[in-house]
């Protein structure tokens, strides 16, 4: 079994693979002040609650865009699970060419998404990651990661609005019943939801116009299930694409 860890800006997502099958997933707030002991105890507790023993693990692989969390995760998982985790970007590299300026500036999560999408769906392919940020990760026809786009995610946009206009109410992120809001609450939901849909559709349309009509578009990230149904350009939703990228990278180095 392989334990994979995706530490993002907002959440840490942990997956357990048996061969090629993702058999368990867990999610928690990244918590930039969490210690290694907290991370290690949290993951050990998840495994034990599922009736799993860490001694049955073949390895642990971490991908993180939060440097402080990377260090603490590595320490905590080594202490509690008795395995030395491999870190994507340091110990493991996804086998995909990167044409980005400079190559080391691209987030490891974007490279993993691009690699996993290429392996699963071929190329050209575009990954729309809907999380803290909304990113487009583009794999060209020759199989290389070539960049894409980075925009504020829907939650970040709403929080920015509320900071600038504190008299506005806080509303949950949800698909509104109508495109015409009849109250301030509904207007905020309409603006947030359909504003994000419009942003995503415009970015995809322009990207695919440059890549060609045969381009596949895959959505992932915590908000993919909410936004993707309104986006006709999105062909498929893959909620665990980053975890799959970590697994494929680990497998490539341990074949």
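In region 28-63, the residue that is nearest to the chain's Cα centre (by Cα) out of those that are modelled with pLDDT of 95 or more and in a strand (DSSP E or B) is 63. For the condition touching a residue at least 60 places away in the same chain (Cβ under 8 Å) and either within 15 Å of residue 74 (Cα to Cα) or touching a strand residue (DSSP E or B) at 6+ places or on another chain (Cβ under 9 Å) (or both), residue 43 does not qualify. Of the helices (runs of 4 or more DSSP H) lying entirely inside region 141-255, the ones with 2 or more residues being closer than 30 Å to residue 16 by Cβ are found at 154-164, 224-227, 241-253.
Report yes if some residue within region 23-33 is surrounded by 16 or more Cβ atoms within 10 Å (Cβ to Cβ) and either touching a residue at least 40 places away in the same chain (Cβ under 8 Å) or more than 27 Å from residue 153 (Cβ to Cβ) (or both); otherwise report no. No, that holds for no residue. Going by what's in this entry, would residue 209 be described as assigned by TED's automatic domain parsing to the domain that holds residue 143, surrounded by fewer than 13 Cβ atoms within 10 Å (Cβ to Cβ) and over 29 Å from residue 140 (Cα atoms)? Against the criterion (assigned by TED's automatic domain parsing to the domain that holds residue 143, surrounded by fewer than 13 Cβ atoms within 10 Å (Cβ to Cβ) and over 29 Å from residue 140 (Cα atoms)), residue 209 does not qualify.
For region 106-124, the count of residues that are assigned to a strand (DSSP E or B), in contact (Cβ under 8 Å) with a residue 60 or more places away in the chain and touching a strand residue (DSSP E or B) at 6+ places or on another chain (Cβ under 7 Å) is zero.
The values are calculated or read from the model by the stated rules, or taken from the named source; none is laboratory data. Fair warning: this is a prediction, and the values are worked out from it, not measured in the lab. Counting neighbours? That spans all protein chains shown, and the Cβs are built from the backbone with ideal geometry, glycine included.
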